[in-house]
Structure formats: structure tokens, C-alpha cells
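The structure appears right after this line, and notes come after that.
Read-outs: derived from the displayed coordinates by stated rules, not from any lab. Keep in mind the model is a prediction, meaning the values are calculated, not measured. When we count neighbours, we look across all protein chains shown, and the Cβ atoms used for this are built from the backbone with ideal geometry, even at glycine.
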Amino acid sequence: MQAEAFLVVIATGILVMLLSTALDRVWASVIPVRGIYYLIRAPGVILHECSHILGCILTGAKIQKVVFFSEEGGSVTYARPLLPWLGDVVISTAPLFCIPLVLSGITWCFASYLGCLFPAFPATMLSTSAIQQMGTIILDLFLKNLIYHQNWWFLIYLYLTISLVLSVGPSPQDLRNAAVGIFLLALAGALVFWSGIPWAVGALSEITAVIGMGFSLGLAFGLIAAACSLPLIAVYIHNHLR
């Protein structure tokens, strides 16, 4: 069961990345004015690059150049981290962990201080019942905040959620930088679980549980952003079927 949980966490992380990348492609394709698209992306791009900066600080990688806005998007150029491979993984995948945590903080602030109503998210997302439950939660979210109570702060919340979700996924360069490290970490994790060594399995299970919570939050917020993007997704599909 522990090895299965490890695989579930990996699958959840992949789903978060795919959903973020797909939604970003839809918004970039459908929004006709590039300035509007960049404005929508701005908070997410800034947080994405700040996540890389935090990863550099944690792994001892010297930051050489930071770009928040350009036609190619943001970027952080850095020297090799003190921890080879593992450092690259931390830096490249930092947005996958930081952005869902920030979104959780934003959700708490909007609920605590601005009167928005949020049902509890499922603890894990990779099950049919959890996806169905999330669908009900999203519908309830929109009804309570826009129909029943008409809390217009919720529109700002949706804007921030969409912007940050579009920036969760690592760039192709991030994936290239972290590819070797991700493979080695996944292999090492699988070997630890298959070894059956109690203390090692226990420690990795705790780490996996924490990472899994972050990925589940990322997927939950991604589904909210996907619900907001349904009209654009319909336009995108229509444009590509013509």
C-alpha cells in the first residue's frame, strides 16, 4: 500500500503539471490581446519565478539573473546548486509546491477576512468519488459566492486562482534541468519501499504524505481554474475543429 501511495503522489504531480500546461495553452490561444493575457498571467509568473529563487536559496545556487516579464515569460538563471541533481529538482519543481501553498493561504484570507465561503477539499484527488465530490464543491463554490451571497470579492479570488494555476507547471527548460534528478529520486523512492526497511519506509511515507497533500491541493485548485475556463476551452476546441 505504501508503494501504491508513492505512485499515486507521482501521478497526482503529473496531472497537476498537465492541467496547468493545458489551461495555459488554452488561455494563450483564445485571448486575442496579448496585453490582457500577460495581465492575467502576471501574479502567477511573479510567484513562479519567486519559487525558483527560493529553491536557489535553499540549495545554495547562486542567482545570476532574474526576469519577471518578457515575451518568452519569466526566467531565473543560476549557477549549479551545491547539491547536484537534487538541487536541480528542488529549484525546477519549486512552483509545484509553493503555488498551491500560496493558494491555500489566499483561500484562508478570503474566507477569514472577505466573507468568501469555501467547502473543505477532498484529502486526495485520485479517485472517482473524490473527483465527483470536487465537482459538487466547485458548483457549490460558485452558487454560494456569486448567486446566494453575491460576494464580489470572489471574482478577485478566481482571478488569482486562474493566474497562479496557469503558472504551476514547470517550463520545458525546468523539466530538462530536473529530468535526471527526478528519475533518480523516483527510482530511489521505489527501491526504499520495495526494500521493506521499516525506518526508511516510514520516513519516506511521511515525506510522500506531505508532498501528496501539496499535489492534491494543486489539483483541486486546477479543477477550479478549469471550471472557470470552460467557455475558453469550448472556443479553443471549436477553433481547432474548424
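If the chain between I233 and R34 were fully stretched, how many nm would it gain, using 0.36 nm times the residue separation less the Cα-Cα distance?
69.9 nm
State the extension gain, in nm to one decimal, for the chain segment bounded by L143 and S195, taking 0.36 nm per residue of separation less the distance between their alpha-carbons.
Roughly 13.8 nm would be gained on extension.
State the label only: which of (i) 46, 23, 16; (ii) 38, 19, 16; (iii) 30, 24, 17 corresponds to semi-axes √(5λ) of the Cα gyration tensor in Å computed from the shown model?
(iii)
Quick one, what does Rg over Rh come out to for region 1-119 if you take C-alpha atoms and the Kirkwood Rh?
Answer for region 1-119: 1.02.
Between L175 and R25, take the C-beta separation as r, use R0 = 22 Å, and let me know the FRET efficiency to the nearest 0.05.
The computed FRET efficiency comes out at 0.90.
Sorting S75, S29 on the 10 Å Cβ count, fewest up front, what's the list?
Listing S75, S29 from fewest to most nearby Cβ atoms yields S29, S75.
Classify region 170-242 from the C-alpha gyration tensor, please: rounded if a/c falls under 1.5, else prolate or oblate depending on whether a/b exceeds b/c.
Prolate shape, in that a/c is at least 1.5 and a/b is the bigger ratio.
Would you be so kind as to identify which of Y113, N239, V201 lies farthest towards the positive end of the dipole of the chain, taking Lys and Arg as +1 and Asp and Glu as -1 on Cβ and the Cα centre as origin?
Of the options given, the answer is N239.
So how do 222-233, 46-57 stack up, highest first, on mean other-Cβ count within 10 Å?
Going by the mean number of other Cβ atoms within 10 Å, highest first, we get 46-57, 222-233.
Tell me what the chain gives for mean residue ellipticity at 222 nm when only DSSP H runs of n ≥ 4 count, each as -39,500 (n - 2.57), the sum divided by the residue total, rounded to 500 deg cm²/dmol.
-26000 deg cm²/dmol
With a/c under 1.5 counting as rounded, go ahead and sort region 77-145 into rounded, prolate or oblate using the C-alpha gyration tensor (a ≥ b ≥ c being the square roots of the eigenvalues; past the cut-off, prolate if a/b is larger than b/c, else oblate).
Cα axes put region 77-145 in the oblate bin.
Sort the following peptides by mean Cβ neighbour count (other Cβ atoms within 10 Å, averaged over residues), highest first: 35-42, 83-90, 103-110.
Put in order of decreasing packing, that is 83-90, 103-110, 35-42.
Give the separation of the Cα centroids, region 206-230 to region 35-95, in Å.
20 Å
Mind jotting down a quarter of the surface of the convex hull over the alpha carbons of region 35-80, in square nanometres, one decimal?
With the hull built on Cα positions only, its mean projection is 3.0 nm².
Grab the beta carbon distance between N151 and A209, set R0 = 41 Å, and tell me the FRET efficiency rounded to 0.05.
The calculated FRET efficiency here is 0.75.
To the nearest 10 degrees, how steep is helix 230-241 against the longest Cα principal axis of the chain, on a 0 to 90 scale?
The angle comes out near 80 degrees.
Residue separation times 0.36 nm, minus the C-alpha to C-alpha distance between A186 and L241: what's the value?
Result: 16.0 nm gained on full extension.
Quick one: angle between helix 153-166 and the longest Cα principal axis of the chain, in degrees between 0 and 90, rounded to 10, please.
Orientation of helix 153-166: about 40 degrees from the principal axis.
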